[in-house]
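J.: Once you've had a glance at the structure underneath, I'll fire off some questions.
The values are calculated or read from the model by the stated rules, or taken from the named source; none is laboratory data. These figures come from a predicted structure and were not determined experimentally. Neighbour counts are summed over all protein chains in view; Cβ atoms, including those assigned to glycine, are modelled from backbone coordinates with ideal geometry. Ligands, DNA and RNA are excluded from the accessible area calculation, which covers all protein heavy atoms including side chains. Shrake-Rupley method; radii C 1.70, N 1.55, O 1.52, S 1.80 Å.
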Amino acid sequence: MLRPLAKEAAPTTPLVQGDPPRRPIRGWEPVVFLALGFGISALFLFASIHGVSFLLPVRMVSKTDRLAATTVAWAALCVVDVILLTRHKGCSIGLARQTPKRLIHQYGIRIGPFVWGLDTGLAVTTFRMVTLTWAVLIAAVLGTAPWWTGLAYALGFAVPLGVAVLGPRRRTGTERSDSEPIWLVDLLHRLTRWFRIGCTAVLFAAAVFAASTFIT
């Protein structure tokens, strides 16, 4: 969706005599603004939770006990993910909403993606396909995740987004070479289940690793 909108560049010549020329919008700009907004929100969210955790009674608990609680929570979320995978459902924890796409048409193709990123980067404002986000939030609340976790979370979003939107085009019988890389989007959709399995495996591995650190 972002690539066609990015082509709606403002005219480089004045619309009316005396009007200043408008700078054309480059194809990568909406992606950058979306990733920037997402990164700001994600970093703010996780850093804020990490900071607030110092004011909570949970910080009075030993780090070993907090790590144990984190491990138990992660293990429980792994079970939830496995159940959801077997039932072919998305994660039902949290709000069942998406960031409205009208933001781009409402605020333009620079500010629109930026606001879109601000909303999506808060994580808890949109639905999740896996519980991995909630696992990281729990770790942030318990103080077992660093304050910069949001930065890693943002990179995990921005890199696939950049590949999906700015990825190589491929000419097909019905697709122009300069059109949206539908083949890449279709490939990502076909691999969705495997991505979910991978996220569950990552969460399981993290739980095992966390358990090993306080058991030994």
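J.: Need one word for region 48-153: rounded, prolate or oblate. Basis is the Cα gyration tensor (sqrt eigenvalues a ≥ b ≥ c); a/c below 1.5 gives rounded, then a/b vs b/c decides.
T.: oblate
J.: Using θ = phi - 60° and the Karplus form 6.51 cos²θ - 1.76 cosθ + 1.60, what ³J(HN,Hα) does each residue of region 118-124 get, whole Hz, x for Gly and Pro?
T.: Along region 118-124, the couplings run 4, 5, 5, x, 6, 6, 6 Hz.
J.: Between Ile93 and Val79, 0.36 nm times their residue separation minus their Cα-Cα distance comes to what?
T.: My answer for the length gained is 3.7 nm.
J.: Using amide H atoms built in the peptide plane, which far-off residues or other-chain residues are under 5 Å from Val61 H to H?
T.: Those lying under 5 Å, H to H, from Val61: there are none.
J.: What is the packing order of peptides 186-192, 122-128, taking the mean over residues of other C-beta atoms within 10 Å and listing the highest first?
T.: 122-128, 186-192
J.: Between Ile197 and Phe127, what FRET efficiency follows from the Cβ-Cβ distance if R0 is 30 Å, with the result rounded to 0.05?
T.: About 0.95, to the nearest 0.05.
J.: Give me the percent of the accessible area of region 46-121 that comes from carbon and sulfur atoms, probe 1.4 Å, all protein chains in place.
T.: 67
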